[in-house]
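The values are calculated or read from the model by the stated rules, or taken from the named source; none is laboratory data. Only a predicted model underlies this, so the values are computations on that prediction, with no experimental measurement involved. Please note: Cβ atoms are built from the backbone with ideal geometry, for glycine as well, and neighbour counts cover all protein chains shown. Ligands, DNA and RNA are stripped out before the accessible areas are found, and what is left, the full protein with its side chains, is counted by its heavy atoms. Shrake-Rupley method; radii C 1.70, N 1.55, O 1.52, S 1.80 Å.
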Amino acid sequence: DAWTDKDLAIGISRTYRWGGYSKWDLPLSVAQHSLAVLALREAEGPLTAREALREILHDATEALWGFDLLCPLKLQLSPEFERLNRRLQAAVDQRYQLPAWTGDTYALHKHADRLAAASEAFHVVGWSLTDMRDSLGITLDPLDADPLTLPSGMQPWEPWPPKLAETLFLQRLTELLERAARDGDATQLAQAFSRLPEKMRRLYC
């Protein structure tokens, strides 16, 4: 409870991917990346509200740290940082009641995450396909179409201004939290109904 949803939206919209490098006027925020990963996962099939929250919040620790750590640098950090990051992720998981990854769901998530990264490297940062493969080890082909609905006046893959990223991220987060609460109420009602004597259950059927 040490942060609000708005705090998270502010932090994630002002934390930048790719070290802040961009061929556009603005860098790409972790908020926009998170929404793109969610959109890619939803395009593969329906997600429950909690599963969708798990996708949109997969990089929430970066917003709370205040930086997006490039993968090659992560390997150079001490085990103490990794332990702290796991504790912070556990706090996010508990706060938003995120379901644990299974082998299959994590594989689907990582594919969407890597596909977003490939597309960002090409369309946002400006890496060539050859350099992406040789220097970054990215083997997936970047998408041509932006998976996100374009805000008015924006071009495909164009990084959003921080305030716009904050607003759209917070709107989607709030929508998913409200949906998750409704799903939880419905589950509790169904469980309570199942505990009623059979004669009483028949009265409602």
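Dipole check for region 73-116: with +1 at the C-beta of Lys and Arg, -1 at the C-beta of Asp and Glu, and the Cα centre as origin, the magnitude is about 100 Debye. The accessible surface of the chain, taken with every protein chain in place and a 1.4 Å probe, is 56 percent carbon and sulfur. Stretched out straight at 0.36 nm per residue, the stretch from L129 to W3 would grow longer than its current Cα-Cα span by 41.4 nm.
Residue farthest toward the positive end of the dipole of the chain, with Cβ of Lys/Arg at +1 and Asp/Glu at -1: which of G137, T15, W3? Toward the positive end, the furthest listed residue is W3. Rounded to the nearest 10 degrees, the inclination of helix 103-120 to the longest alpha-carbon principal axis of the chain is 40 degrees.
In the chain, taking the dipole from charged Cβ atoms about the Cα centre, the farthest positive-side position among L28, S128, Q89 is held by Q89. What the phi angles of region 78-83 give under the Karplus curve with 6.51, -1.76 and 1.60, with θ = phi - 60°, is a coupling list of 6, x, 4, 5, 4, 5 Hz, glycine and proline written as x.
Might you report the magnitude of the Cβ-based charge dipole of the chain about its Cα centre, with Lys and Arg at +1 and Asp and Glu at -1, to the nearest 20 debye? Before the final figure, lay out the partial values.
Numbers: 23 positive and 29 negative charges, 164 e Å.
Dipole magnitude for the chain comes out near 780 debye.
What's the ranking of 42-50, 3-11 by average number of surrounding C-beta atoms within 10 Å, highest first?
Highest-to-lowest ranking by the protection proxy: 3-11, 42-50.
Mark the label point 7 Å from the Cα of L84 along Cα→Cβ and return the residues of region 18-47 whose backbone N is within less than 20 Å of it. Inside the label zone: 19. Only helical runs count toward this figure. For the chain, summing -39,500 (n - 2.57) over DSSP H runs of n ≥ 4 and dividing by all residues gives -19000 deg cm²/dmol at 222 nm.
Taking every protein chain into account, the accessible area of the chain amounts to 58 square angstrom per residue (probe 1.4 Å).
A dipole drawn for the chain from +1 and -1 charges on Cβ atoms has a positive end, and of P162, V37, T61 the residue lying farthest that way is T61.
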